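In what follows, a single structure is set out as structure tokens and then discussed.
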Amino acid sequence: MKLRRGFKKEAHDISREIRCELKLALTDPLDPWLLANYLEIPISTLSFMKNDAPFAAYHFSKVDTTAFSAVTVFYGYNRKIIHNDSHHDGRQASNIAHELSHALLHHLPTPALDDRGSRNWNQTVEDEASWLGGALLVSEEAALMIVRNKLSLSEAAQRY
């Protein structure tokens, strides 16, 4: 993952700003559903879509659960996140934090498919959202606290 110079610092600064706005300590866990509510970005689940898209809901929640994590859907300037609620809680939090990161970074919407039906994919944009998503879930300060307190991986995962 190659990120532009200064991006990691920018991501950690955004994570700190968000925690401050949500009145969280820098080492507090961040609930992505709370952040989505604060940003006024509605979240819907794949299972909620079962009446509108029964094949997709079934396929991505029962057959190939790794093929779909989350997506941001646009209607004009309004965003909505749809995520795969068949994933475990930690994965759902990560998926939502990733999608919220696109919003916080002001990434522009793009069509899901190109003119040949292939998936549009911007690796730089996805890498930025992945990095910021992680920084939102586990701040720099929290990572240092985890190391200083010698928390096990399972203890850190449980908390964050």
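The values are calculated or read from the model by the stated rules, or taken from the named source; none is laboratory data. Since the model is a prediction, treat every value here as computed from it, not as a measurement. Counting neighbours? That spans all protein chains shown, and the Cβs are built from the backbone with ideal geometry, glycine included. Ligands, DNA and RNA are stripped out before the accessible areas are found, and what is left, the full protein with its side chains, is counted by its heavy atoms. Shrake-Rupley method; radii C 1.70, N 1.55, O 1.52, S 1.80 Å.
Worth pointing out:
- Helix 7-21 and the longest principal axis of the Cα set of the chain meet at an angle near 80°.
- A straight line joining the Cα centroids of segment 1-32 and segment 92-160 runs 11 Å.
- Phi angles of segment 95-103 translate, via the Karplus equation with coefficients 6.51, -1.76, 1.60 and θ = phi - 60°, into HN-Hα couplings of 4, 5, 4, 4, 5, 5, 4, 4, 5 Hz per residue; Gly and Pro are given as x.
- Probing with 1.4 Å while keeping every protein chain in the model, the per residue accessible area of the chain equals 65 Å².
- Calculated SAXS-style log₁₀ I(q)/I(0) at q = 0.13, 0.18 Å⁻¹ - the chain, Debye, Cα scatterers: -0.67, -1.21
- In Hz, Karplus ³J(HN,Hα) per residue of segment 53-63 (6.51, -1.76, 1.60; θ = phi - 60°; x = Gly, Pro): 9, x, 5, 5, 4, 5, 4, 7, 9, 10, 8
- Note, ³J(HN,Hα) from phi for segment 84-92, Karplus 6.51, -1.76, 1.60, rounded to Hz, x at Gly and Pro: 7, 7, 7, 6, 5, 3, x, 5, 4
- Split the chain at each of the trypsin sites (Lys or Arg not before Pro) in a DSSP loop with at most 13 other beta carbon atoms within 10 Å, and the longest piece is 24-115.
- Overall, the ratio between the Cα radius of gyration of segment 68-160 and 2.2 N^0.38 Å, rounded to two decimals, is 1.27.
- Per-residue surface analysis assigns SER152 an accessible area of about 50 Å², computed on protein heavy atoms at 1.4 Å probe radius.
- GluC sites (Glu not before Pro) restricted to DSSP loop in segment 1-43 with at most 14 other C-beta within 10 Å: GLU40
- Net charge over other residues, Cβ less than 12 angstrom from the Cβ of ALA36 (K, R count +1; D, E count -1): -1
- Taken over segment 1-93, the ratio of Cα radius of gyration to 2.2 N^0.38 Å equals 1.30.
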